[in-house]
C-alpha cells in the first residue's frame with residue numbers, strides 16, 4: 001500500500017492524489033491530462049420556502065428529487081453530464097461526450113427545456129408559490145486530470161465553474177444568462193439581449209440574456 005510522502009498516511013486505493021492532504025502523488029508515470037473546451041451549466045431552483053410551511057419534509061424532498069430527476073434527464077438528452085447536485089442547485093457539463101457535436105448549442109437548448117419543464121410543473125401542480133429557476137452558462141477551456149476514471153472524482157481546472165456561477169447568481173427568475181464565450185459560439189442560432197458586465201472578485205464577464213420562446 002503506497003504512502004503519501006507529505007503526510008505519511010497510507011493510500012487505500014490507486015489514485016494520483018492523497019485524500020488526506022491533497023498532494024499529487026503521481027503513482028502513474030504520467031498524470032492523464034486533457035485540455036478541452038467545455039460548457040458549464042448551473043441552475044438554482046427556488047420556491048421551497050413556501051412549500052416547507054404547508055408540506056412535510058418528506059414531501060418537499062420528494063418534489064425536489066422529481067425536479068432533479070427531470071433536470072438530469074434533460075441534461076443527458078442533450079448529451080451533457082450531470083456533474084454535481086449542491087443543495088437545490090445542479091451543475092451540468094457539456095462537451096465531454098466525444099460524439100456530442102454542437103455542445104454549446106445543446107447546452108443552451110437544455111437550459112431552455114429546464115425552464116420550460118418548471119413552468120409546466122407549476123401549471124400542473126399549482127402551489128401557493130411557484131417554483132422558479134435561474135440558469136447561468138459559460139464556455140471555457142478546462143484542464144482535466146482524470147484521476148480515477150470517474151468524472152466526479154476528477155480534477156477539473158477551469159474558470160468555467162466560477163463564471164457560470166456568477167451568471168446564475170445574477171440571473172432573474174426563469175431566465176438564462178450566458179457569458180461572452182458561449183454567446184459568440186451560439187449567437188447565430190439563438191436570440192440574445194445584452195445584460196451587462198458582471199464583476200466579482202477576480203472575475204469580469206459580459207452577460208447576455210437568452211430570449212425564451
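Odds and ends about this structure:
- Ranking of 39, 60 by count of other Cβ atoms within 10 Å, fewest first: 60, 39
- Contact order normalised by residue count of segment 33-210, Cα under 8 Å, 6+ apart, percent: 25 percent
- Segment 33-210: C-alpha gyration tensor shape, a/c 1.5 cut-off, then a/b vs b/c: prolate
Here, each number is a calculation from the coordinates, and none is a lab measurement. Note that the structure is predicted; figures quoted are calculated from it, not measured. All Cβ positions, glycine included, derive from the backbone under ideal geometry; neighbour counts span all protein chains shown.
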